[in-house]
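For reference, the structure is listed below as structure tokens.
The numbers here are math on the coordinates, done by the rules we state, and not lab data. The structure presented is a predicted model; accordingly, all values stated were derived computationally and were not measured. Cβ placement follows ideal geometry from the backbone for every residue including glycine, while neighbour counts extend to all protein chains displayed.
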């Protein structure tokens, strides 16, 4: 989960409330956005008395979290006096790390206001492979959806690729299309987003309209939410 | 004709026409037939057919003529004993790696030679002048293993001492034979003086740079950290690179000689990587900028866009220039990196890193962030490669100018178009970052009002 965030941002501000934690952030070039929520039910234990913000260096946090093995419990606690986050990993033995928090960004990031003409439900794994196929030949891909199928179309300097996910195939679970839509997106962003999301999610929902941003929602095991928005590439001749 | 695997070479004695290229009749009479300059050319090389007279290669002047004339200006001063003031300068060659030839470079003169090996001072000098003083530098060669240089003995120790000196240092270079030049007629190597193996070496009192000396004695300081620290303290890139190449930095046991050509790019890369990390924390520039500089028929147009850090360098070579000798059309090479940097060596080589350092220096000074695209046109008048320093100093010169500022990318591109010979469309086509800036939308665009 934290890995998914780290592909877009190095530093991020978490909104922490008695109900859970949230994060919304854009990558440095403001092309993509991640919208993440973990309600308190996701955690084994969750305690927060008053809403607060916590800005962390995600890259550093990730280093610590990677030390936790499969069956080990991780406890995160923020000491507001010292401004440090304590990371306790307990399993075979107990390790306690602490790391500084950073000055929280005041800027509230709104979500894009979008109306979608197509909605696709697919397996994350199937999408991931389709995107990896396209990435072999180009660095951007045109996604087209009509009532029958989803088509990925990539054209590189030398090679081209055409990937079809038909209605009823194993990878494509559902297709709701108001009108045929197509838009082009950067494969480096798509690839990174789907690759990391695949670690926590089996089913993805894509929504977009012609030459508009795409919304990628990755269904989480519990009640968590992991959604990405990615702006399109519009080639004008 | 299909080129055979084993090239046919013509030995030096068959290339006597070289001597006819000399402007100075007296030198020609003296040296005709002597062994001081060895040449080699493949049998079908253009130079052998052209003999400096017909401009078959398409360059505006014959590089062989330039080089040979400068070379023979020093030739009469050469003997087995070279006694002069080294700028200081050392060279670690690439042939035979890991058993390389290392050694000092010494001109046979006692004067202020400091600028002979200090590219920071060369910007604006004509190509003849640069070839001239480079040809003065006699290179002593000493065979040494790059890792076992500590045990290589006195000659290697003195070479290292010399490399760390701050000012020209008297050197007596004893050679096993009279130094001779070597000119590969169909290759484009840097202008270079004559060389010979070292028999004996004496170095006068060398005054060391205090900062460099400290890094040298600190065997717990990693090489990259030493490079960064010295740069922050204002030591010139060339001096850092020179010390780097003689294995003066790094953890004690890991020290090694680094080929001169590798050390240049290593230092450019280490320094710009470090600056990039800092630049990413700065606010974006407020406008579209164009910086320009032209030197040695190399024209640079540097675009800066108000966007997160990313970098691209593209160079276009006209037919007849160094890296496009026989082509009929312009050749363009380029490479780029995104916000997170790169882990592989850039396709276009050392120039990529040299220009990256120059642009990072400016952004660091202004404490600003930008997307940077360095465009370079190398014209037919650029008759021989003079080294990566040309790119670094040329772009640094561009950075010293007041930038042209624009409100839109289109206006900035229009300016670039007016300066370049190659149509802007071709540049855009080649440039990932310009295409990205033109076509990739921002997510912020969709946040304000609901778009139908």
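Roughly what angle does helix A:187-197 make with the longest principal axis of chain A, taking Cα atoms, 0 to 90 degrees, to the nearest 10?
The angle comes out at about 50 degrees.
Taking all pairs of different Cα atoms in region B:262-323, averaging 1/r and flipping that mean, what Kirkwood radius in angstroms comes out?
By the Kirkwood definition, the hydrodynamic radius is 14.4 Å.
If a/c stays under 1.5 just call it rounded; otherwise compare a/b with b/c (prolate if a/b is bigger, oblate if not). Do that for region B:357-445, with a ≥ b ≥ c from the square roots of the Cα gyration tensor eigenvalues.
Oblate is the answer for region B:357-445, as a/c is 1.5 or above yet b/c matches or exceeds a/b.
Which value in nm describes the separation of the simple spin-label points at residue B:294 and residue B:402, placed 7 Å from the Cα toward the beta carbon?
Here the modelled spin labels are 2.1 nm apart.
Taking Cα pairs under 8 Å and at least six residues apart, what relative contact order does region A:135-234 come out at, in percent?
Relative CO of region A:135-234 lands at 22 percent.
Give me the orientation-averaged projected area of the Cα convex hull of region B:284-443, in nm², one decimal.
Across all orientations, region B:284-443 yields a mean hull projection of 9.1 nm².
Kirkwood Rh over alpha-carbon pairs of region B:211-278, then Stokes-Einstein at 20 °C and 1.002 mPa s: what D in µm² s⁻¹, rounded to an integer?
Rounded to a whole number, D works out at 184 µm²/s.
With an 8 Å Cα cut-off and a minimum separation of 6 or more residues, compute the relative contact order for region A:71-134 in percent.
19 percent
Given points 7 Å out from each Cα along the Cα-Cβ axis, report the residue A:176 to residue B:286 separation in nanometres with one decimal.
Label-label distance for residue A:176 and residue B:286, simple model: 4.7 nm.
Calculate, in whole percent, how much of the Cα-Cα pair population of the protein assembly as shown lies beyond 51 Å.
Of all Cα-Cα pairs in the protein assembly as shown, 26 percent lie more than 51 Å apart.
Counting only C-alpha contacts under 8 Å and six or more residues apart, can you give the relative contact order of chain A as a whole percent?
After rounding, I find 19 percent.
Residues in region B:77-91, backbone N under 14 Å from the label point at residue B:207 (7 Å along the Cα-to-beta-carbon vector): list them, ranges by number please.
So the set is B:88.
Between region A:165-237 and region A:132-161, how many Å separate their Cα centres?
Region A:165-237 and region A:132-161 have Cα centres separated by 14 Å.
If you build the convex hull over the alpha carbons only and average its shadow over all orientations, what do you get for region B:399-452? Give it in nm² to one decimal.
Seen from a random direction, the Cα hull of region B:399-452 projects 5.8 nm² on average.
Given the alpha-carbon gyration tensor of region A:2-100, what are the semi-axes of its equivalent ellipsoid in whole angstrom, ordered largest first, with each equal to the square root of 5 times an eigenvalue?
Semi-axes (√(5λ), whole Å): 22, 17, 14.
For peptide A:222-232, how many partner chain Cβ atoms fall within 10 Å of a residue's Cβ, on average?
Rounded to a whole number, the mean comes out at 2.
Give me the number: length gained by fully extending residue A:41 to residue A:169, i.e. 0.36 nm times residue separation minus the C-alpha to C-alpha distance, one decimal in nm.
Difference between extended and current length: 42.7 nm.
Counting helices only, and only those DSSP H runs with n ≥ 4, report the 222 nm mean residue ellipticity of chain A as the sum of -39,500 (n - 2.57) divided by its residues, in deg cm²/dmol to the nearest 500.
Result for chain A: -4500 deg cm²/dmol, rounded to the nearest 500.
Quick one: Cα centre-to-centre distance for region A:32-49 and region B:390-429, in angstrom?
The two parts, judged by their Cα centres, are 48 Å apart.
Could you give the distance between the Cα centres of region B:273-303 and region B:111-141, to the whole Å?
Using only Cα atoms, the two centres lie 28 Å from each other.
Between residue B:442 and residue B:125, how high is the FRET efficiency from 1/(1 + (r/R0)^6) when r is the Cβ-Cβ distance and R₀ = 45 Å? Nearest 0.05.
Approximately 0.50, to the nearest 0.05.
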